[in-house]
Structure formats: structure tokens, C-alpha cells
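First the structure, in the form of C-alpha cells, and then the observations on it.
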Amino acid sequence: MNAAVSRDRRRNHPDIQALFQDALDAAMRFTAGADRTNDSLYHTLEKVYALHRAGQSFEDEFLAFAGRRIKITKATRRNPLMIAVRLVFGDDPANRSNNSRYAQALSQIERILGDTFEPGAVVREIARHGSLDVIVKAARRHRHQGAVGAAAEADRLSRAETALAPMMARPLSVFQAPEGVGEGYALALIHVDGAGQGRLLRLIPGSTGGAERFVRRLAD
């Protein structure tokens, strides 16, 4: 990293401790009942989301910071928003239901905002939808649709593999591999036209980059 990039990175580096403390103070005012209103909750979630965004930009530093305060598992890493939520609202089992709602709502807002984020964006999105519950329901619909789509895709691939099985049992696809491919598994990129005719476009040796892990997984 050159000096200019390093200076720019330091200048744009968020203070994760300060963001965490700001969100934690807001959450404590809300949970203690000192300011237990929807408006207070929404502004707290805004601060949680700001902490999450900082964590996305400086992931290693954020995970080290979070790991000193809560237990982080592989499953947790797959849901980085939940890390920020648990940090701020607590890791107690009694908080699981609310934490789940908050993380789902913020995930839906993140899908809406994309890469853009400015102060007040989370509160505005909740207000635009009418309530936090409306956003939570939208998040659950999105997750359900994703699960249905994944199941349909798995079924489609299974039917395709079943149809290919007889062909793969016969030496119909034997060909002379180009020089340099070498012995072992390879990835074949095939285009299938409207008539169902397949055309080999590219052959990638299994030893190339990350292809090996993918090839071995397919071959098992």
C-alpha cells in the first residue's frame, strides 16, 4: 500500500469503538425505558446500521472488536448484520426474538439502500414503509421467495443430471483434450441452443486457480 492510499485510508477510517458506544448508549436508553418509543428504536437501529457499515469496510478489525464482546461462529459470520445487532442489544437468549426482527429489518433496508448510505437513511426507510413490522414482513417474504427459487433450481438441476446419466454412461463425449490441459478433472463450459444441441466453448483445467475445489466437489 503506497503512502497516499494509506493516508486516505486513515482519513476515512471509522472509529468503531465510538460508533459502538453511540449505538449502545441509544439502545440502553431505549431498553431501560427512559425513551422507549418507536422513534427512539428507529434511531437506535440507524446507529446499529452505521456500525455494521463500518464493519463491512474494515471487516477484520470489526470482527476482532466484536469477538472480544460476543461469541462469533461460522453461522454468525454469514449474517454480519446480526453481529452488530447482538453487540448493541446484547447476546442474552431473552433478546433473540427482538434481535432477529431487528437484523431482518436492517437486512431488508440494506437491500433497498444498496451501496448508498447517509445519516437518516434507515429512519427514513422505516417511516416510508409505515412501521418496522412492515419491513420485517417484507424481509421474510424475500427470504421465502429465495428458498422457493433455490428449491426450484435444485429440482431443475436434478432433472438435468438424470437426463444426462444415460449419455454419460456411454463414450459419446470422448474427445481429444487440447495441449496443456493435462490429466485429471477439468471444467467444461458448454452452450446449449434452442434445439438442445450442446457446443463446447471452453475447457478449464481443474488445477487452475479456484477451479480445483469446485471440480472436486462436483466429482465427489
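The values are calculated or read from the model by the stated rules, or taken from the named source; none is laboratory data. As the structure is a prediction and not an experimental result, all values here were calculated from the model. Here the Cβ positions follow ideal geometry from the backbone for every residue, glycine too, while neighbour counts run over all protein chains shown.
Here are the numbers for this structure:
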quantity: Sole residue being in a loop (DSSP other than H, G, I, E, B) and acidic (Asp, Glu), chosen from Asp60, Asp91; calculated: Asp91
quantity: Which numbered condition Phe65 fails, given (1) within 21 Å of Ala127 (Cα to Cα); (2) part of a helix (DSSP H, G or I); calculated: (1)
quantity: When residues of region 102-128 are limited to those that are crowded, with 17+ Cβ neighbours inside 10 Å and of a type outside the set (A, V, I, L, M, F, W, C), the one farthest from Arg86 (Cα to Cα); calculated: Glu125
quantity: Region 87-112 residues that are closer than 20 Å to Lys71 by Cβ, paired with ones that are of a type in the set (Val, Ile, Thr) and modelled with pLDDT under 90 (beta carbon under 8 Å, 6 or more apart); calculated: Phe89/Thr31
quantity: Number of positions in region 27-55 that are surrounded by 14 or more Cβ atoms within 10 Å (Cβ to Cβ) and either polar (S, T, N, Q) or within 18 Å of the chain's Cα centre (by Cα) (or both); calculated: 11
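Table: residues versus (1) part of a helix (DSSP H, G or I); (2) closer than 20 Å to Leu19 by Cβ; (3) of a type in the set (A, V, I, L, M).
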position: Leu87; (1), (2), (3): yes, yes, yes
position: Arg96; (1), (2), (3): yes, no, no
position: Asn99; (1), (2), (3): yes, yes, no
position: Gln104; (1), (2), (3): yes, no, no
position: Glu110; (1), (2), (3): yes, yes, no
position: Asp115; (1), (2), (3): no, yes, no
position: Pro119; (1), (2), (3): no, yes, no
position: Val123; (1), (2), (3): yes, yes, yes
position: Ala127; (1), (2), (3): yes, no, yes
